[in-house]
Amino acid sequence: MTADVGVVGMAVMGQNLALNMENKGYTVAVYNRTRERTEELAEGRGRGLRIVPTYDLPAFVSALSRPRRVLSMVKAGPGTDAVLEELFPLLEEGDLVMDGGNAHFADTERRLAQADRRGLRYLGVGVSGGEYGALHGPAIMPGGHREGYETVEEVLTETAAQGPEGPCCAYLGPGSAGHYVKMVHNGIEYAIMQTIAESYDVMKRGLSMAPAEMAEVFSRWNQGELAGYLLEITQKILRYSDPHTDEPLVELVLDTAQQKGTGKWSTQVALDEGAGAPTIAAAVFARIVSALKGERMAASEVLGGPAPELGADKNQVLEEMHGALYLTVVSAYDQGLRQLRQASAERGYGLSLSEVARVWMDGCIIRSRLLFPIRKALSEKPDLPFLFLAAPFSSRWREHHCALRSTVASAHQAGIPVPAMSSALDFIDGYRTGRLPANLIQAQRDFFGAHTYQRVDKDGTFHTQWDEL
Ligand code: NBP
């Protein structure tokens, strides 16, 4: 049997994507470094399907129709390099390699150049949706050689989630555009998760709510404008009882969040490129603080603070928290899109941000109803610099900014950290302030380092001996 497409890497993502493609009518050759994983698929879920198991890369390549189309779904970093090093020499000019792992975009640029030298086509493909999405339809974010995309467009768009405005897959741009967009997607994911976790913390410690009651609130919020995958899973998590103890399982989970690196990369790159992404950064730092469990436990015995009760009307706090969550989540999308806009200009990706919003509408972790008005705003004004300047977000800001202030202030008064919410508020307040105190910073820089400054009343560059007077 000649295969239409091949998948290397038979861990959970590779297996599920192979099965998903097979389900769309394609014959799929599969290969994994460790034989057992390939056997597991071929003799398990893949039995009787158009799955062609192979046990070395030359056999894998021979099983493919030409031009060959190969998707690598192996661990990002050295694992992917090891596979590509072995795979590239086996391929011929015009064949296509797609890396569906969470590669750093700089690695994608390097591999693309290697592929170019061999006359191969290469795509860096962001895939989001976890193992469920891989099987039932993920969001797919390809970037790289456009001609390569054209040879695989049908396979990818059929494999992707079928969203409300078309398949959640689109060619995003040249070079590392796909992996860059996926990196920022994950940054936004970090920020939304952190904001929801802060709401949970305020409900739990500030309002003494039980998980089942919180689940009701999140469930209600998930019926409205904020509806999305991360709210949906939150209310499910809060309802889940541990079969061994009958306790809400979430309360038995250790409070140290892990990170695989994409949120961190997103923040590092935002800093390198001077893009404003403070809420995404706050979410990364919050995970870092969470990892200091031992130190936190010790400090909790020593450093006092206020009792974490909010002592206010519960319904009012919840209503305000909903407004605060809304504005913070929109701010997280805005910061990610802002970073993409800047990267697109600097790196020549030519991204269409409304198309990015469309691809994120289904299949991925940050899918949410908010992406409808976000896409609309970006379609109507592709160079929109700030989401809150467009409908409906400008009126939502007017409606909810007091709620965000009040939520942040009450949480701070009660000693409950809300870094995502407060960073979003500070960012928006900074952005909407015509004159910031950076004039004093300029003066300080000029004072100690003769860095010079500009004036508001005349053109030119100035330096002053500030301590002469
Ligand atoms: P993992 O990220 O755990 O990677 C395991 C796979 O990489 C196995 O097939 C393993 O082969 C292979 N591999 C490694 Br490790 N080193 C290798 C090497 N030197 N040579 C050849 N193969 C090697 O699997 P995953 O969670 O399925 O994710 C696959 C990719 O998809 C990753 O890049 C991940 O970042 C990305 N991704 C994952 C998710 C998710 O929700 N899990 C979502 C989106 C994207 P072996 O069996 O021989 O050890």
Discussion item. Out of 430, 434, I need the residue that is among the small types (Gly, Ala, Ser) and not in a helix (DSSP H, G or I). Which one?
Written reply: 434
Discussion item. Against the condition of a type in the set (Ser, Thr, Tyr) and buried (at least 24 other Cβ atoms within 10 Å of the Cβ), how does residue 151 come out, does it pass?
Written reply: no
Worksheet item: So which of 343, 403, 424 is small (Gly, Ala, Ser), more than 23 Å from residue 224 (Cα to Cα) and surrounded by 19 or more Cβ atoms within 10 Å (Cβ to Cβ)?
Response: 343
Item to complete: For the range 69-90, state whether one or more residues are more than 16 Å from the ligand (Cβ to nearest atom), over 30 Å from the mean Cα position of the chain (by Cα), assigned to a helix (DSSP H, G or I) and surrounded by fewer than 23 Cβ atoms within 10 Å (Cβ to Cβ).
Response: no
Worksheet item: Hey, among the residues in the range 257-279 that are within 21 Å of residue 201 (Cα to Cα) and surrounded by 14 or more Cβ atoms within 10 Å (Cβ to Cβ), which one's modelled with the lowest pLDDT?
Response: 259
Item to complete: Quickly run through the range 352-377 and pick out the residues that are in a helix (DSSP H, G or I), surrounded by fewer than 23 Cβ atoms within 10 Å (Cβ to Cβ) and not small (Gly, Ala, Ser).
Response: 353, 355, 372, 373, 375, 376
Response to the item:
Out of (1) without any contact (Cβ under 8 Å) to a residue 12 or more places away in the chain; (2) more than 28 Å from residue 175 (Cα to Cα); (3) of a type outside the set (A, V, I, L, M, F, W, C); (4) in a helix (DSSP H, G or I), the one residue 47 does not meet is (4)
Worksheet item: Filter the range 1-39 for residues that are crowded, with 16+ Cβ neighbours inside 10 Å and among the acidic types (Asp, Glu); which is farthest from the ligand (Cβ to nearest atom)?
Response: 4
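Step by step: first the residues of the range 125-136, then only those that are surrounded by fewer than 24 Cβ atoms within 10 Å (Cβ to Cβ) and under 16 Å from residue 7 (Cα atoms), then the one that is modelled with the highest pLDDT. Which residue is that?
At the first step, the residues of the range 125-136 found to be surrounded by fewer than 24 Cβ atoms within 10 Å (Cβ to Cβ) are 130-132, 135-136.
Now drop any that are not under 16 Å from residue 7 (Cα atoms), which leaves 131, 135.
Details: 131: 95, 135: 98.
Per the stated criteria, the residue is 135.
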Worksheet item: So, in the range 111-162, of the ones that are charged (D, E, K, R) and within 16 Å of the ligand (Cβ to nearest atom), which residue ends up farthest from residue 178 (Cα to Cα)?
Response: 131
Discussion item. With the structure loaded, tell me whether residue 411 is among the aliphatic types (A, V, I, L, M), touching a residue at least 24 places away in the same chain (Cβ under 8 Å) and within 30 Å of residue 350 (Cα to Cα) or whether it fails that test.
Written reply: no
Practice prompt. Might you let me know whether the range 158-167 holds any residue that is under 22 Å from residue 346 (Cβ atoms) and among the charged types (D, E, K, R)?
Written response: no
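So that you can scan it fast, the table gives a plain yes or no per residue for (1) in a helix (DSSP H, G or I); (2) surrounded by fewer than 23 Cβ atoms within 10 Å (Cβ to Cβ):
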{"site": "93", "(1), (2)": "no, yes"}
{"site": "123", "(1), (2)": "no, no"}
{"site": "142", "(1), (2)": "no, no"}
{"site": "156", "(1), (2)": "yes, no"}
Worksheet, complete the sentence: Subset of the range 198-254, residues of a type in the set (A, V, I, L, M, F, W, C) and either in contact with a Cys (Cβ under 6 Å, 6 or more places away or on another chain) or under 22 Å from residue 404 (Cβ atoms) (or both), comes to 202, 203, 207, 209, 214, 217, 218, 221, 226, 227, 230, 231
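The values are calculated or read from the model by the stated rules, or taken from the named source; none is laboratory data. Treat the numbers as computed from the prediction; the structure is a model and nothing was measured. Positions of Cβ are backbone-derived with ideal geometry, glycine not excepted, and every protein chain shown enters the neighbour counts.
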